[in-house]
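Here the structure comes first, spelled out in structure tokens, and everything after it is commentary.
The values are calculated or read from the model by the stated rules, or taken from the named source; none is laboratory data. Keep in mind that this is a model prediction, so the values were computed, not measured. Note that we place each Cβ from the backbone using ideal geometry, even for glycine, and neighbour counts take in every protein chain shown. Ligands, DNA and RNA are stripped out before the accessible areas are found, and what is left, the full protein with its side chains, is counted by its heavy atoms. Shrake-Rupley method; radii C 1.70, N 1.55, O 1.52, S 1.80 Å.
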Amino acid sequence: MPPRHKKAPKYRLHKQSGQAIVTVRMPGMKPRDMTLGPYNSAESIERYKEILTSIQLGHSPTAAKSSLDSTINEIIAAFWKHAEQHYRRADGTTTSELVEYKYALQCLRKLAGTELAASFGPLKLQAVRDEMLARKWSRKVINARIRRLKHVFKWAVSQELVPASVYHGLATVSGLQRGRTTAKDYPKVKPVSDATVEATLPYLSRQVAGMVRVHRLLGCRPDEVCRLRMCEVDTSGDVWKYRPPQHKLERFQLW
């Protein structure tokens, strides 16, 4: 019997970008989408013919990397490399933003990691949000992590990894509203009363009691009190002054 001839890959329209696209399937390789240029243009039709010729000869066609070729996993990998460098303090330690991005990106990778980033739209972002709902995260946490995912795609647009239309589409997804979602809203954590603090102080060590008093006076974060060193406190005047070597607003140069 004569060998069966496989059907030629179809020349088709990528609606989000208006580009022509073709899916190439070669033995031993995963199917991949290749962009050809503006749909119905002479350039794209000529490129399509070249790809068909390569396939008929048994060669794997190659194409220049474009913003339509990147997968979600590739976007995540590129952003994570950027985030590890960007979200750092002056001493080189990473900030808590990396942890937040990690949880958000886990959901994105689970639901759409192998898909083309150029095809990721509002409905798919809402599907990622549903995954967050299934994990029983609170409403505010979900909204914050969805905003971070939007930022990932905004960054990808700035690096020409995805078309700008992708980010504009994702920006239309609104946050979950209180009372209109199954996501929980936890009550605000209220401050401990002065009476409770005063009743507790006698049972604390001298060092911890001092930290509690400083924390109450400054209203700073607990980890900031733990990092405070006397060599950083100016005690030369009647009012002692503490200028932390690093803080969350230092990039704005407020002082």
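A compact table of results
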quantity	calculated
The stretch 50-164: radius of gyration and largest Cα-Cα distance (Dmax), Å	17.1, 58
Label point distance in nm, SER41-MET29, each placed 7 Å from Cα along Cα→Cβ	2.3 nm
Protein accessible area in the chain, 1.4 Å probe - carbon and sulfur %	55 percent
Most mobile listed residue (ASN143, ASN40, ASN73) in the chain, GNM with C-alpha springs under 10 Å	ASN40
Debye intensity ratio in log₁₀ form over the Cα atoms of the chain, taken at each q of 0.12 Å⁻¹	-0.91
Residue-span extension gain [LYS102 to MET230] - 0.36 nm each, minus C-alpha spacing	42.5 nm
Volume per residue of the C-alpha convex hull in the stretch 117-245, rounded to whole Å³	199 Å³
Coil-residue GluC sites (Glu not before Pro) of the stretch 102-209, DSSP, other Cβ within 10 Å capped at 15	GLU115, GLU160
Cross-link reach list, aspartates and glutamates versus LYS30, counting only Cα pairs under 16 Å and skipping chain neighbours closer than eight places	ASP69, GLU74, GLU115
Residues of type aspartates and glutamates that LYS140 reaches as a straight line, Cα spacing below 13 Å, ignoring anything fewer than 8 places off in the same chain	GLU100, ASP185
Relative contact order (%) - criterion: Cα under 8 Å, at least six apart; region: the chain	13 percent
Förster radius 45 Å - calculated FRET efficiency between ASP130 and VAL214 (Cβ-Cβ, nearest 0.05)	0.50
For peptides 24-31, 147-154, sequence by mean Cβ density within 10 Å, most packed first	147-154, 24-31
GNM flexibility winner over the chain from GLN159, GLN207, GLN177 (Cα, springs under 10 Å)	GLN207
Cross-link pairs beyond the 28 Å C-alpha cut-off, checked among LYS102/LYS188; LYS15/LYS49; LYS49/LYS124; LYS49/LYS110; LYS154/LYS188; LYS10/LYS102	LYS49/LYS124; LYS49/LYS110; LYS154/LYS188; LYS10/LYS102
